[in-house]
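To start, the structure under review is shown below, and the notes come after it.
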Amino acid sequence: MEKGQVLEGTLKNITDFGAFMDLGGIDGLLYITDISWGRINHPNEVLKVNEKINVVVLEFDDEKKRISLGLKQLTPHPWEALSPSIQVGSVVEGKVVNVEDYGAFIEISPGIEGLVHVSEVSWSNQGINSRDFFKVGEVHKAKVMTIDKDERKMSLSLKQLQEDPWTTIAEKFAIGTRHKGLVKNITPYGVFVELSEGVGGMVHISDLSWIKRYGHPSEFCKVGNDLDVVVLDFDLESRKMSLGHKQIEEDPWDTFENVFPVGSVHEATVTKRDDKGAEVMLQYGLEAYAPARHAKKEDGSSVNVDEKLEFKILEFDRNEKRIIVSHTRIFEDVKNEEKKAVISEKKAEGEKAKKAITKINSSQEKTTLGDIDALAKLKEKMDKN
């Protein structure tokens with residue numbers, strides 16, 4: 001017995017990893033990987049007990065009395081006999097035989113497999129989970145993108161069998177137009193909304209609302225929700241689209257600037273508090289912030305969540321959409337006004353006393369001058385006499 005020798009044997013036993021054969025007094029093992037050029041899950045898919053087949057000797061160990069056999073080696077490798085009809089650009093059909101994180105392998109004929117990378121599944125720039133999309137045993141049609149006979153590799157594409165929706169995006173989704181989309185994914189910085197098959201865009205967290213600041217987009221919506229959006233911009237080259245939800249309505253901050261001028265006082269509800277300060281809710285659902293030193297009550301304690309108190313507008317920044325308020329300033333201003341009133345009253349009393357003294361001095365001065373004038377006239381009269 002030697003390598004390469006072809007023998008006839010009888011299948012004695014079939015296991016998960018292969019089949020044992022009687023070669024006429026001695027046994028050999030036919031491993032599952034040497035049964036077929038194509039992928040099989042179990043040897044019993046192609047072999048039967050007591051069946052007689054020809055096999056080739058792959059390895060022979062005389063000392064250990066171990067013989068490795070091969071069945072597929074009796075036929076040429078499928079890649080060496082690749083059909084001329086399979087070439088770049090042709091459409092093939094095959095069965096999914098393996099799924100990985102990066103894509104799926106489709107067997108278009110025994111021993112001939114092609115890889116559909118996750119980027120070739122859909123025109124959408126939203127990431128695809130290949131394990132969710134592909135199932136072993138499913139049949140798919142695909143377009144051949146590349147063939148490398150030397151490396152025995154082939155790349156396939158599903159999306160190339162569909163029209164690229166981005167070629168007509170400028171007409172269907174012009175900047176400024178409104179659409180209803182489906183929330184497909186949520187990230188810490190925004191919401192991905194699908195407008196049509198293969199076309200979608202991102203709503204940045206700052207474009208969800210004019211007045212509310214969200215810590216995470218999941219506070220605003222959930223995957224599967226419908227969402228009205230406005231197309232803000234798109235880049236055909238990178239296949240990216242910027243969407244906005246708050247732009248459905250006009251910017252209310254022009255009106256807020258007149259309603260909440262600096263120095264005005266409004267009732268608000270404390271919604272959140274920490275060591276740095278407190279968040280409060282003004283009218284119309286408008287959020288404002290009171291730093292810790294401005295979140296103190298007259299008795300020295302801090303404001304509490306759900307309390308309704310008066311707050312004074314200290315800063316209104318329309319561009320940054322930021323409002324700084326103070327509850328502390330309310331009673332501090334009252335105290336300052338009282339101090340000013342006392343000072344003003346004292347000042348008025350001082351002015352009054354000053355005027356009284358001036359009047360007295362003026363009266364005395366007039367009297368003195370009057371006496372001098374009378375004496376002058378008496379002297380003149382005496383001189384004449």
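The values are calculated or read from the model by the stated rules, or taken from the named source; none is laboratory data. Please read these numbers as outputs of a predicted model, since none were measured by experiment. Note that we place each Cβ from the backbone using ideal geometry, even for glycine, and neighbour counts take in every protein chain shown.
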For this session: Please enumerate the residues belonging to the range 171-185 that are in contact with a strand residue (DSSP E or B) (Cβ under 8 Å, 6 or more places away or on another chain) and either closer than 21 Å to residue 121 by Cβ or assigned to a helix (DSSP H, G or I) (or both).
Result: 172, 181, 182, 183, 184, 185
Problem set entry | Subset of the range 94-148 (residues that are hydroxyl-bearing (Ser, Thr, Tyr) and touching a Phe, Trp or Tyr at 6+ places or on another chain (Cβ under 8 Å)) | 130
For this session: State the number of residues belonging to the range 138-160 that are part of a loop (DSSP other than H, G, I, E, B), within 34 Å of the chain's Cα centre (by Cα) and surrounded by fewer than 17 Cβ atoms within 10 Å (Cβ to Cβ).
Result: 1
Seminar exercise, completed: Filtering the range 21-39 down to residues that are on the phi < 0 side of the Ramachandran plot and either surrounded by fewer than 16 Cβ atoms within 10 Å (Cβ to Cβ) or among the acidic types (Asp, Glu) (or both) yields 22, 26, 27, 31, 33, 34
Exercise. Yes or no: residue 68 farther than 23 Å from residue 137 by Cα, hydroxyl-bearing (Ser, Thr, Tyr) and surrounded by 15 or more Cβ atoms within 10 Å (Cβ to Cβ)?
Worked result: yes
Seminar exercise, completed: Scanning the range 71-95 for residues that are buried (at least 16 other Cβ atoms within 10 Å of the Cβ) and closer than 30 Å to residue 25 by Cα gives 71, 72, 73
Problem set entry | Leading residue by the ranking (nearest to the chain's Cα centre (by Cα)) among those in the range 1-20 that are surrounded by 11 or more Cβ atoms within 10 Å (Cβ to Cβ) and among the small types (Gly, Ala, Ser) | 18
Exercise. What pairs can you find where one residue is in the range 14-43 and of a type in the set (Phe, Trp, Tyr), the other is modelled with pLDDT of 90 or more and in a loop (DSSP other than H, G, I, E, B), and their Cβ atoms are less than 7 Å apart, with a gap of 6+ or different chains?
Worked result: 31/17
Problem set entry | Members of the range 278-323 found to be surrounded by 14 or more Cβ atoms within 10 Å (Cβ to Cβ) and outside any strand (DSSP E or B), listed by number | 282, 286, 292, 294, 295, 297, 303, 307, 321
For this session: Sort out which residues of the range 254-277 are touching a strand residue (DSSP E or B) at 6+ places or on another chain (Cβ under 8 Å) and either assigned to a strand (DSSP E or B) or among the hydroxyl-bearing types (Ser, Thr, Tyr) (or both), and write them in order of number.
Result: 264, 265, 266, 267, 268, 269, 270, 271, 272, 273, 277
Exercise. Of all residues in the range 51-65, how many are under 16 Å from residue 9 (Cα atoms) and exposed (fewer than 12 other Cβ atoms within 10 Å of the Cβ)?
Worked result: 2
Exercise. If you check every pair at least six apart or on different chains, which have Cβ atoms under 7 Å apart with a residue in the range 237-252 that is more than 10 Å from residue 178 (Cα to Cα) first and a residue that is of a type in the set (A, V, I, L, M) and not in a loop (DSSP other than H, G, I, E, B) second?
Worked result: 241/231; 242/202; 242/232
Exercise. Which ones in the range 171-196 are surrounded by fewer than 12 Cβ atoms within 10 Å (Cβ to Cβ) and either outside the structural domain of residue 224 (by TED's automatic domain parsing) or charged (D, E, K, R) (or both)?
Worked result: 171, 178, 180
